[in-house]
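Presented below is the structure to which this report refers.
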Amino acid sequence: MSANLAAILYLISGVCFIMALRGLSSPRSARQGNLFGIAGMVIAIGTTLAQTSVEDYLWIAIGIVVGGLIGTTVALKIKMTAMPQLVAGFHSLVGLAAVLVAGAALYSPEVFHITDETGIKLISRIEMSIGVVIGALTFSGSIIAFAKLQELMTGNPLVFKGQHLLNLALLIGMVALVVVFCFTQSPTVFWIMTVVALVFGVMLIVPIGGADMPVVISMLNSYSGWAAAGIGFTLENTVLIIVGALVGSSGAILSYIMCRAMNRSFISVIMGGFGATAQTDTGGKKDKTAKAGSADDAAFIMSNAGSVIIVPGYGLAVAQAQHAVREMGDLLKKQGVNVRYAIHPVAGRMPGHMNVLLAEANVPYDEVFELDDINNDFPGTDVAFVIGANDVTNPTAKTDPQSPIAGMPILDVEKAKTCLFVKRSLAPGYAGVDNPVFYNQNTMMLFGDAKKMVEEIVKALSNA
């Protein structure tokens, strides 16, 4: 394949990836966006394989088959509740790939055509350094994020005295090692730099608590993109540079938006949860009493309401209750109730988690509203039906400046005339903070599995 044709095909592939990001910006066009992304990747891979520099397809074929089988198996078996862990795991693989490619370029630079009379070209050394540093910290950081999300380790911030000074020392050390490597081309310095970056990745993520996990996911997404872009320069692969830059910049923008939605400092989060403190439950719920109700009670209250706002959270995803909730909403609408859905930007454990679940259940897009668009409607709403959401409805964020969720905008469900709260127990949410809404006079707790509870409400509505 000629260089000109390859450049044109890579350009077409890049346009497809841009269209994919555009499509994924809205649930209405997300399916089309995925198709653009698939088309762009097929074109990119096909063009790369058609290059004259490819001499042996055996190992490539083995990699495609093995990777394809693993990817297909994971895609078929993964649950929606485990999607954040899957994303973190894939981010780690991108980072690891960047490290391995940089290592291959270090030991076989002639294969990558990055040599001159001095050995490896200076610009290539810089590119390799950037790729391996970002790739290594992305790999280790993603592993820690996966472990926190999978509850293989505590989701609470792990902090200790002098932590930020250590992070600063690691950062300065990485920069110094990059400079030394660029001048010496030493493999020993290269691998020391890699190890320091791996440690830095761990130190960035361990002090970040569960309440900030959605930001971590989007942040690691950004890191993986920049790692890919850095290695794209080493490989002199145009489409890898384009895709890496797109993923890196879009992930950074999303992280910034998420930080604003949670009232977090963007710089503080990306530097490792600056100011994080251990999360403790200080709700004092021993002195409080929550009012419990049944599915029949909930059905009666909602069927006699004029308006209902449904607030989904991670508990809905765990119970896979989205289809039952959609059916409940449809029955209420047939009875003349105005039904809408309120989505907090960080509901669930990754950006857009609730939107995906509701779209999967065919909830009409025009009934789904973001926090800023619906929050002022709660005071005039008859019923707020909260299913599996906790931290995003917790007014402690407004009243306790020492809380792990302090300053985070919340959905004001407690302002509705009646608040129905579906939860298994009075246990605090992922941030470890008790929710005072549970004990309000206008709150009725519906204890039990979210899906079973909603199915019982649907049965009661159908028999009414």
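The values are calculated or read from the model by the stated rules, or taken from the named source; none is laboratory data. Just so you know, these numbers come straight off a predicted model, no measurement behind them. Cβ: placed from backbone, ideal geometry, glycine included. Neighbour counts: every protein chain shown. Each accessible area value is taken on the protein alone, full model and side chains, heavy atoms only, with ligands, DNA and RNA left out. Shrake-Rupley method; radii C 1.70, N 1.55, O 1.52, S 1.80 Å.
As an exercise, use a Förster radius of 56 Å and the Cβ-Cβ distance of TRP191 and ASN442 to find the FRET efficiency, rounded to the nearest 0.05.
My answer for the efficiency is 0.35.
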Subject >> Total formal charge among the other residues, if their Cβ is under 13 angstrom from that of ALA384, Lys/Arg +1 and Asp/Glu -1 >> reply: -1
**OP:** Estimate the FRET efficiency between GLN320 and LYS398 by the formula 1/(1 + (r/R0)^6), using the beta-carbon distance for r and 30 Å for R0, to the nearest 0.05.
**Re:** 0.40
**OP:** Using the structure shown, select from LYS161/LYS398; LYS333/LYS459; LYS334/LYS423 the pairs with a Cα to Cα distance greater than 23 angstrom.
**Re:** LYS161/LYS398; LYS334/LYS423
Original post:
Amide H to amide H, which residues 5 or more places from THR115 or on other chains are under 5 Å from it, using H placed in the peptide plane?
Top reply: LYS121
**OP:** Could you list which residues have their amide H under 5 Å from that of ILE310, counting only those 5 or more apart in sequence or on another chain, with H placed in the peptide plane?
**Re:** ARG340, TYR341, ALA342, PHE385
Original post:
Using 1/(1 + (r/R0)^6) with R0 = 56 angstrom and r between the beta carbons of ASP372 and THR184, what's the FRET efficiency to the nearest 0.05?
Top reply: 0.60
Original post:
Once phi is turned into θ = phi - 60°, what whole-Hz ³J(HN,Hα) does the Karplus curve with 6.51, -1.76 and 1.60 give for every residue of the stretch 101-118, x standing for Gly and Pro?
Top reply: 5, 5, x, 5, 5, 5, 8, 9, x, 5, 5, 8, 6, 10, 10, 9, 5, 8
**OP:** Mind ranking 368-380, 218-230 by how tightly packed they are, going by the mean number of other C-beta atoms within 10 angstrom, highest first?
**Re:** 218-230, 368-380
Original post:
So what is the 222 nm mean residue ellipticity for the chain from helices alone, if each DSSP H run of at least 4 adds -39500 (n - 2.57) and you divide by all residues, rounding to the nearest 500 deg cm²/dmol?
Top reply: -19000 deg cm²/dmol
Original post:
How large is the accessible surface per residue of the stretch 22-151, computed with a 1.4 Å probe and reported in Å² as a whole number?
Top reply: 56 Å²
Subject >> Label zone at THR72 (point 7 Å along Cα-to-Cβ), backbone N below 17 Å, the stretch 11-46 >> reply: 42
Original post:
Picking from THR118, ALA75, LEU137, whose Cα lies most toward the positive end of the charge dipole for the stretch 70-157 (charges on Cβ: Lys, Arg +1; Asp, Glu -1)?
Top reply: ALA75
Original post:
Using a 1.4 Å probe, how large is the accessible area of LYS398, given in Å² and rounded to the nearest 10?
Top reply: 120 Å²
Subject >> C-alpha center-to-center spacing [the stretch 365-414, the stretch 67-124] in angstrom >> reply: 40 Å
Original post:
What order do you get for 157-168, 8-19 when each peptide is scored by the mean count of other beta carbon atoms within 10 Å, highest first?
Top reply: 8-19, 157-168
Original post:
In what order, largest first, do LYS451, LYS334 sit by accessible area if the probe radius is 1.4 Å?
Top reply: LYS334, LYS451
Original post:
Which whole-number percent is the relative contact order of the chain (Cα, under 8 Å, 6+ apart)?
Top reply: 14 percent
Original post:
Packing-wise, with mean Cβ within 10 Å as the measure, how do 349-355, 435-441 rank, highest first?
Top reply: 349-355, 435-441
**OP:** Could you size up the charge dipole of the chain around its Cα centre, putting +1 on the beta carbon of Lys and Arg and -1 on that of Asp and Glu, and report it in debye to the nearest 20?
**Re:** 660 debye
